[in-house]
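First up is the structure itself, then whatever we jot down about it.
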Amino acid sequence: MLIGVVADTHMPRKGKELPKMLLQGLEKVDMIIHAGDLTELWVLDQLSEIATVSAVAGNIDPPAVVEALGYKKVLEVEGRKIGVFHGHGNTGKTVERAFNAFSDADCIVFGHSHIPYCQRHQNILMFNPGSPTDKRRQPMYSYGLLMVGETVQGELIYFL
């Protein structure tokens, strides 16, 4: 199964619509995960025109988004557990907070830092797609793809 992964879209502050490069890159995915800080639920509506969407709220999402999505969830895909958490909190680094949010996962998808990240920690794939709309100090915008089968593999996709 191919999963598109996005986070930190910050809409509409960072644009009135999602970037065409992102939407085109997600055309062949089976599912999309949004790891929070979307700020408007219409972002999920736009993504759901491509594939089924699962999402969590982030630290800047308004109460209506938090109520609709919650801050944390575990998805079971092809027999693999994928934890999804924005990554915000008051202590430690974003990767550490995301890692500590789940006790049993094959992959943890997170956002918050806007820094793309794809590394294994104790055999768990830690995956942050960065942001397709707010690159901050990163050289390019980004999103990600997860390939889920016998294992979970991640790929970061960069664009200008």
Original post:
Hey, got a sec? Which trypsin sites (Lys or Arg not before Pro) in the range 109-160 land in a DSSP loop and have at most 12 other Cβ atoms within 10 Å?
Top reply: ARG136, ARG137
**OP:** Please report, to two decimal places, log10 I(q)/I(0) for the range 7-160 at q = 0.12, 0.15 Å⁻¹ as given by the Debye formula with identical point scatterers on the Cα atoms and no solvent.
**Re:** -0.44, -0.71
**OP:** Mind giving me the nanometre distance, one decimal, between the label points for GLU27 and VAL74, set 7 Å out from Cα along Cα→Cβ?
**Re:** 3.7
**OP:** Work out, step by step, the length gained on full extension between ILE60 and LYS81: first 0.36 nm times the residue separation, then minus their alpha carbon distance; give nm to one decimal.
**Re:** 5.0 nm
Subject >> log₁₀ of I(q)/I(0) at q = 0.16 Å⁻¹ - the range 1-53, Debye sum with one point per alpha carbon >> reply: -0.39
Original post:
At what distance in nm do the modelled label points of GLN153 and LEU2 sit from each other, each positioned 7 Å from its Cα along Cα→Cβ?
Top reply: 1.3
Original post:
With labels modelled as points extended 7 Å from the Cα through the Cβ direction, what inter-label distance (nm, one decimal) is found for ASP104 paired with ALA51?
Top reply: 2.6
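Please say if the range 45-97 is rounded, prolate or oblate, where rounded means a/c under 1.5 for a ≥ b ≥ c the square roots of the C-alpha gyration tensor eigenvalues, and otherwise the choice is prolate for a/b larger than b/c and oblate otherwise?
Since a/c reaches 1.5 but b/c is at least a/b, the shape of the range 45-97 is classed as oblate.
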Original post:
Sorting ILE157, ILE108 by accessible area (1.4 Å probe), largest first, what list results?
Top reply: ILE157, ILE108
**OP:** Using a/c under 1.5 as the rounded threshold, could you call the range 56-127 rounded, prolate or oblate? The axes a ≥ b ≥ c are square roots of the C-alpha gyration tensor eigenvalues, and prolate needs a/b larger than b/c, oblate otherwise.
**Re:** oblate
Original post:
What residue among GLY89, GLY58, GLY70 shows peak mean-square fluctuation when the chain is described by a Gaussian network model with Cα springs under 10 Å?
Top reply: GLY89
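The values are calculated or read from the model by the stated rules, or taken from the named source; none is laboratory data. Worth saying up front: this structure is predicted, and the values here are computed from it rather than measured. Positions of Cβ are generated from backbone atoms using ideal geometry, with glycine treated the same way; all protein chains shown enter the neighbour counts. These area figures cover heavy atoms from the full protein model, side chains too; ligands, DNA and RNA do not enter into them. Shrake-Rupley method; radii C 1.70, N 1.55, O 1.52, S 1.80 Å.
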